Amino acid sequence: MFKPLLRTILRILLAPIRLITWPYRRLQRFLSYEPDDTSTVDVFAKAIESPSILIEHLEALRGHLLRSVAVMAITTALSFVIAGRILGWLTEPIGGIQALQAIEVTESIGAYMRVSLLSGFALAFPYICFEFFAFINPGLRRRERVMILTAIPAAFVLFLAGLAFAYFIMLPAALPFLLNFMGISTRVRPMNYVRFVTGLMFWIGVSFQFPLIIYALAGIGLVKARSLMNGWRLAIVGIAVLAAAVTPTVDPVNMALVMAPMVVLYFLSIGLAALAGRRRGPPAEA
């Protein structure tokens, strides 16, 4: 008689502790889960024998896509409210929105909508990555799961660093050269300027993902730090070609501004590749 009462009292007293530790316990179970060790051939054979398994995965994928589209619609609607401020921030390097001059009736609206869509996608991108991770999570091992969960915020931080570099360093150096080349004054169109700035910032942000990509490739054994170090001369040539393609101007100063962080990122990726190779350990003997 007293045991059930004592058990109930103890459960009530420990309820706050269980509530506090619940997220940690859920996260621990989530990270420690290991899928069945099944080869790709066996999985494909099961999908052929039981098409319902494939249909379940397609339905799950549809749910993830629908939720991602719904969240992006919400973030785009929110971005539509503040797109004017974002456009003003993007046009600060040329003197603000008043420096733009439209020559078509719908050009200003098009630029405004483009900024809204891009801002909405940027706000929804972390949630889209989460939905993608939730879809592939059942087939991931613990080490792969931890690597992806670590890579997503790292990729976001590196992308923001690339955007900041393009906005605060590249644009102030490139725009005066472009707008006053040969002494010819340029009237900047809204759509052309937004497309130019967002494209430049996007590709610079993507280029800043290079160390993370090298770290992932080294983690699975496709790339080694020693081979990267031995091929640094060839890498410098490749970086120069890539910088020439990304740089909006043809002068060597702006090209050097793009090359400098890429070279630093390359040597940083060598250190990350060495770290990833050390974590993998020595290759197993046959």
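Short version: ³J(HN,Hα) in whole Hz for each residue of the range 133-147, in order, from phi by Karplus 6.51 cos²θ - 1.76 cosθ + 1.60 (θ = phi - 60°), x for Gly and Pro, what are they?
So the J values, rounded to whole Hz, are 5, 5, 6, 8, 4, x, x, 9, 7, 4, 5, 5, 5, 5, 5.
Across the range 93-164, how large is the tail of the calculated P(r) beyond 16 Å, expressed as a percent of all Cα pairs?
67
Mind giving me the nanometre distance, one decimal, between the label points for V146 and A73, set 7 Å out from Cα along Cα→Cβ?
4.0
Taking only the C-alpha atoms, wrap a convex hull around the range 79-118 and report its volume per residue in Å³ as a whole number.
Residue-normalised Cα hull volume stands at 62 Å³.
How far apart, in nm, are two points set 7 Å out from the Cα along the Cα-to-Cβ line at I136 and at V237?
Once both label points are built, they end up 3.3 nm from each other.
Share of Cα-Cα pairs in the range 133-239 beyond 19 Å, in percent?
More than 19 Å apart: 63 percent of the Cα pairs in the range 133-239.
Contact order normalised by length for the range 106-212, with contacts defined as Cα pairs under 8 Å and 6 or more residues apart; what percent is it?
Once divided by the residue count of the range 106-212, the mean separation gives 45 percent.
A short reminder: the numbers here are calculations on the coordinates, not readings from a lab. For clarity, every value in this text was computed on a predicted model and none was experimentally measured. Cβ: placed from backbone, ideal geometry, glycine included. Neighbour counts: every protein chain shown.
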